[in-house]
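Scroll down for the structure; my scribbles are underneath it.
The values are calculated or read from the model by the stated rules, or taken from the named source; none is laboratory data. Quick caveat: nothing in here was measured; it's all calculated off a predicted structure. With ideal geometry, Cβ positions are generated from the backbone for all residues, glycine too; neighbour counts draw on all protein chains shown. Surface accessibility is based on the protein's heavy atoms, side chains included, excluding ligands, DNA and RNA. Shrake-Rupley method; radii C 1.70, N 1.55, O 1.52, S 1.80 Å.
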Amino acid sequence: MTHHIASAALAAEQKSAEVTDWAGRIGWVVGLLLFVAFVYWLMRQGWKWRGSLQSDLPALPEVPQAPGEAKLTLDGRYHGSTTAGQWLDRIVAHGLGTRSRAELTLTDAGISVVRPGANDFLIPAAALREARLDKGIAGKVLAEGGLLIVTWEHGSTLLDSGFRSDRAAEHTTWVETLNSMINTTEGIAR
């Protein structure tokens with residue numbers, strides 16, 4: 001019994017140790033913050049380097065003032081562009097690497113991509129090569145068929161641009177309409 005009383009008294013007297021090495025703790029926090037800032041700086045430099053490697057990509061076509069009658073519209077997100085067939089090779093030149101909200105309008109001129117807070121651009125009808133449903137682009141992976149991928153030619157480069165509608169049921173209509181438009185255009189060109 002004496003042992004239990006002594007243990008209880010000892011437990012009651014124990015307190016947590018005072019923090020006495022504030023300089024060491026502050027040093028660790030500052031070092032960690034500097035490390036995070038350095039990693040961020042390296043990532044930013046990599047983004048700039050990728051942009052300079054893609055500097056041969058011509059400027060993006062601008063959205064025309066009067067594009068014509070809208071065949072289809074889509075509200076959703078732009079998830080980025082990659083080299084066609086290389087879903088991890090992100091294109092960052094001319095703002096194509098910036099994810100953003102997007103409003104797409106399909107007309108006879110092509111696809112107008114209006115992005116609040118980012119560069120708007122036009123995918124000309126003559127540049128369209130294919131439309132399909134896929135699950136991923138540039139590090140963004142969704143459910144199977146969750147992305148509308150539009151393959152188009154810009155300069156001498158084939159690009160895949162990924163879009164996701166706020167209403168995913170619209171994707172199939174876009175794929176069918178775009179592929180029909182592409183096949184009709186190719187038939188005229190031959």
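For segment 138-153, how many residues meet the condition of being part of a strand (DSSP E or B) and surrounded by 20 or more Cβ atoms within 10 Å (Cβ to Cβ)? Quick ask: steps written out before the conclusion?
If we filter segment 138-153 for residues that are part of a strand (DSSP E or B), which is where we start, we get 140-141, 147-153.
Applying the additional criterion that residues be surrounded by 20 or more Cβ atoms within 10 Å (Cβ to Cβ) yields 147-150, 152.
Count: 5.
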TODO: Output the number of residues of segment 115-137 satisfying the condition of being among the aliphatic types (A, V, I, L, M), out of contact with any Leu (no Cβ under 7 Å at 6 or more places or on another chain) and surrounded by 15 or more Cβ atoms within 10 Å (Cβ to Cβ).
DONE: 5
TODO: Would you mind stating whether T73 is over 21 Å from L158 (Cα atoms) and at pLDDT 85 or above?
DONE: yes
TODO: Using the structure shown, decide if S165 is under 26 Å from D56 (Cβ atoms), of a type in the set (S, T, N, Q), touching a residue at least 12 places away in the same chain (Cβ under 8 Å) and crowded, with 19+ Cβ neighbours inside 10 Å.
DONE: no
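This table checks each residue for (1) at pLDDT 90 or above; (2) over 10 Å from S81 (Cα atoms).
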{"residue": "V141", "(1), (2)": "no, yes"}
{"residue": "G145", "(1), (2)": "no, yes"}
{"residue": "L148", "(1), (2)": "yes, yes"}
{"residue": "S156", "(1), (2)": "no, yes"}
{"residue": "S161", "(1), (2)": "yes, no"}
{"residue": "S165", "(1), (2)": "yes, yes"}
{"residue": "T172", "(1), (2)": "yes, yes"}
{"residue": "V175", "(1), (2)": "yes, yes"}
{"residue": "L178", "(1), (2)": "yes, yes"}
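Is there a residue being of a type in the set (S, T, Y), open to solvent by 20 Å² or more (accessible area, probe 1.4 Å) and either at positive phi or at pLDDT below 90 (or both) anywhere in segment 96-106? I'd like the intermediate steps shown before the answer.
Let us first name the residues in segment 96-106 that are of a type in the set (S, T, Y), namely 98, 100, 105.
Pick out the ones that are also open to solvent by 20 Å² or more (accessible area, probe 1.4 Å) and you get 98, 105.
Within this subset, residues satisfying the condition of being either at positive phi or at pLDDT below 90 (or both) are 98.
Yes, some residue in segment 96-106 is of a type in the set (S, T, Y), open to solvent by 20 Å² or more (accessible area, probe 1.4 Å) and either at positive phi or at pLDDT below 90 (or both).
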Task: Sole exception among (1) part of a helix (DSSP H, G or I); (2) at pLDDT 85 or above for E186, by number - done: (2)
Open item on the list: Out of S112, S180, S156, I need the residue that is open to solvent by less than 10 Å² (accessible area, probe 1.4 Å) and either of a type outside the set (D, E, K, R) or under 18 Å from A70 (Cβ atoms) (or both). Which one?
Closed with: S112
